[in-house]
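J.: Here you go, one structure.
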Amino acid sequence: MALQTLSEHACFAGVQGFYQHDSSAIGLPMRLGVYRPPQALGPKAGPVPALIYLAGLTCTEETFAIKAGAQRVAAQLGLMLVTPDTSPRGTGIEGEDASWDFGTAAGFYLDATQAPWARHWRMESYVTQELPALLAQHFPLQAGRLGLFGHSMGGHGALTLALRHPGLFQSVSALAPIAAPMQCPWGVKAFSGYLGDDRSAWAAHDATELIKSGARCPPLLVDQGLADKFLAEQLHPHLLEEACAAAGQALTLRRHEGDDHGYYFIASRVEDHLHHHAATLNA
């Protein structure tokens, strides 16, 4: 797979780059960001673990790299940070830009089955198949050392993809994830549009329901702000907590007074998440 460099920037003795490639999974060009830590550069460089971050609604491949302040910690820990875009773009599908929470920048990290979305909206295949292969080809990725985390819609993606693809990701965490999408307006809208009316198909992309049905993943770290305006209606971490407790899925769920849903919250908690992943990926 050919990779086009859009820009590269020195950052904490590493390099933050942004790239584009023609995606076979999506059928269109896709963009991603990659931060290479200093351990992956220079004459003594070696392969390093990679941590994929899945962003939330309205975000791009640049959002986390610009706002989260994670590169400093990644440089210390020797982690490569990977930030794919949140959806296909420029598909020409009528209505793709009509809503902020469906269509463009709202891929929900699944493979759509319903027309007209099924042709290009294949973010699960992209993240779990094409992206790891692309990283292995073009970047110093240490084999078998891949972590996954995300925020909001991307937290939903991190949880569900880890549960649906056991063994692919060695570490998992989430920040304010959509933890039970079948029971919130964002999830119902996305699942109805991308997957149709069959609620059994929805359950296969709902972290809480997946855990209830027997799916398991590495021990989870989840952070949730109690001043998050979406907490009561959209996120439902208590349902994930109950499912994990009943099923024996390891979960550390931390609730924080005063934290909201945005990138000030993410920047406040991201160092803990990188250490959570490094404890496994650097072991």
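J.: Would you mention how many residues in the range 93-106 are surrounded by 15 or more Cβ atoms within 10 Å (Cβ to Cβ), more than 15 Å from Leu28 (Cα to Cα) and hydrophobic (A, V, I, L, M, F, W, C)?
T.: Summing the residues that are surrounded by 15 or more Cβ atoms within 10 Å (Cβ to Cβ), more than 15 Å from Leu28 (Cα to Cα) and hydrophobic (A, V, I, L, M, F, W, C) in the range 93-106 gives 2.
J.: Pull up the range 56-85, narrow it to residues that are in contact (Cβ under 8 Å) with a residue 60 or more places away in the chain and assigned to a loop (DSSP other than H, G, I, E, B), then point me to the one that is most open to solvent (accessible area, probe 1.4 Å).
T.: The residue in question is Gly69.
J.: When the range 251-283 is examined, which residues are found to be open to solvent by 50 Å² or more (accessible area, probe 1.4 Å), outside any helix (DSSP H, G or I) and over 11 Å from Ser173 (Cβ atoms)?
T.: Hits for the range 251-283 are Arg255, Glu257, Gly258, Asp260, Asn282, Ala283.
J.: Out of curiosity, is Leu28 more than 14 Å from Gly17 (Cα to Cα) and buried (at least 16 other Cβ atoms within 10 Å of the Cβ)? Walk me through how you get there before you give the answer.
T.: Values: more than 14 Å from Gly17 (Cα to Cα): yes; buried (at least 16 other Cβ atoms within 10 Å of the Cβ): no.
For Leu28, the condition - more than 14 Å from Gly17 (Cα to Cα) and buried (at least 16 other Cβ atoms within 10 Å of the Cβ) - is not met.
J.: For Trp202, which of the numbered conditions (1) in contact with a helix residue (DSSP H, G or I) (Cβ under 8 Å, 6 or more places away or on another chain); (2) in contact (Cβ under 8 Å) with a residue 24 or more places away in the chain; (3) buried (at least 17 other Cβ atoms within 10 Å of the Cβ) fails to hold?
T.: Single failed check for Trp202: (2).
J.: Hey, among the residues in the range 151-185 that are over 12 Å from Asp206 (Cβ atoms) and surrounded by fewer than 23 Cβ atoms within 10 Å (Cβ to Cβ), which one's farthest from the chain's Cα centre (by Cα)?
T.: Residue satisfying both the conditions and the ranking: Pro185.
J.: Would you mention how many residues in the range 29-55 are part of a strand (DSSP E or B), among the aliphatic types (A, V, I, L, M) and more than 20 Å from Tyr109 (Cβ to Cβ)?
T.: 1
J.: All but one of (1) open to solvent by less than 20 Å² (accessible area, probe 1.4 Å); (2) in a strand (DSSP E or B) hold for Pro88; which doesn't?
T.: Going through the list (1) open to solvent by less than 20 Å² (accessible area, probe 1.4 Å); (2) in a strand (DSSP E or B), Pro88 breaks only (2).
J.: Using the structure shown, decide if Ala215 is modelled with pLDDT of 95 or more, among the small types (Gly, Ala, Ser) and farther than 18 Å from Tyr53 by Cβ.
T.: The answer is yes for Ala215.
J.: I need a count of the residues in the range 91-112 that are assigned to a loop (DSSP other than H, G, I, E, B) and polar (S, T, N, Q).
T.: Here the count works out to 2.
J.: Any chance the range 106-115 includes a residue that's touching a Lys or Arg at 6+ places or on another chain (Cβ under 7 Å) and among the aromatic types (Phe, Trp, Tyr)?
T.: For the range 106-115, residues touching a Lys or Arg at 6+ places or on another chain (Cβ under 7 Å) and among the aromatic types (Phe, Trp, Tyr): absent.
J.: So, in the range 76-123, exactly how many residues are in contact with a Cys (Cβ under 9 Å, 6 or more places away or on another chain) and of a type outside the set (Ser, Thr, Tyr)?
T.: 2
J.: Being of a type outside the set (S, T, N, Q), out of contact with any Asp or Glu (no Cβ under 9 Å at 6 or more places or on another chain), free of Cβ contacts under 8 Å to residues at least 40 places away in the same chain and closer than 18 Å to Ala227 by Cβ is the requirement here; does Gly258 meet it?
T.: When the stated conditions are applied, Gly258 passes them.
J.: Of the residues Tyr19, Tyr53, Tyr109, Tyr35, only one is surrounded by 14 or more Cβ atoms within 10 Å (Cβ to Cβ), of a type in the set (Phe, Trp, Tyr) and on the phi > 0 side of the Ramachandran plot; which?
T.: Tyr109
The values are calculated or read from the model by the stated rules, or taken from the named source; none is laboratory data. Just so it is clear, the model here is predicted, and its values are computed rather than measured. Cβ: placed from backbone, ideal geometry, glycine included. Neighbour counts: every protein chain shown. All accessible areas refer to the heavy atoms of the entire protein, side chains included, with ligands and DNA or RNA removed. Shrake-Rupley method; radii C 1.70, N 1.55, O 1.52, S 1.80 Å.
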